[in-house]
Amino acid sequence: MCGHSEKCIYKGKNMLYALLEIEDNHILLAASEMPLFYTYLKYASEDKSLKINYDEADNEQYQLVYGSVLVNPLYEFDYKELVEVVDKMKGNALLELIDENEIRVSAYDDIFMLQNGKTEGNYPFVALMKTKSTFVPNYSCTMFPSIKGYQVWESLVNRKFLLACRYATKPVGLTIEKWKNYISQETMLSINEIADIYTGEVLGDT
């Protein structure tokens, strides 16, 4: 796999995210996660203790983080069901795989989604988030919930959704009580224009 950007092209399509089929399982992965997939599988089988600082973003200022909620097609949620699933993850640790030894942890305290995404299973969102992640144009930071009692690899392959985070802003006066006053639905829709989940044949690296 090449780098995790819009320059990933497979069969004429941008390939930021793909559905990996292993036996009867469907695993939603980012391009950046593919090289790490078997590394974290090995960690899980060996029960390797990873140093994860679940409190690393606690002292960060709130940001409005925009992007897309991508749903694993294995889970046939309607919009209302997805909202319930995503709402249950408020305050939960969000994991972002940086490399084979580093995992960044973030969390959202509230989230708002639009129903009219670019494609089915792709919903624009904005979240009130604390994170140390940096957001670079044309790249996505991929975050997913840490499932209680699961190792990182298990949370990765069993995730029902992921957050493709694309852009962040820190409006003056941003608070948990009034954060929705700062939401731009125009920004939500424009940021949602990311590559679809690719389910076709991978022809080779670029």
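Things to note:
- Of all residues in the stretch 172-182, exactly one satisfies the criterion of being assigned to a loop (DSSP other than H, G, I, E, B) and surrounded by 15 or more Cβ atoms within 10 Å (Cβ to Cβ), namely Leu174.
- The listed residues are Asn92, Asn101, Asn53, and the only one of them that is in contact with a strand residue (DSSP E or B) (Cβ under 8 Å, 6 or more places away or on another chain), modelled with pLDDT of 80 or more, within 19 Å of Glu154 (Cβ to Cβ) and part of a loop (DSSP other than H, G, I, E, B) turns out to be Asn92.
- Counting residues in the stretch 130-141 that are under 18 Å from Glu76 (Cα atoms) and not in a loop (DSSP other than H, G, I, E, B) gives zero.
- The number of residues in the stretch 104-129 that are among the polar types (S, T, N, Q), part of a strand (DSSP E or B) and closer than 21 Å to Gln185 by Cα comes to 1.
- Filter result (modelled with pLDDT under 90 and crowded, with 22+ Cβ neighbours inside 10 Å) within the stretch 142-165: Leu156
The values are calculated or read from the model by the stated rules, or taken from the named source; none is laboratory data. Because the structure is a prediction, the values reported are computed rather than measured. In this analysis, Cβ positions are derived from the backbone assuming ideal geometry, glycine residues included, and neighbour counts consider all displayed protein chains.
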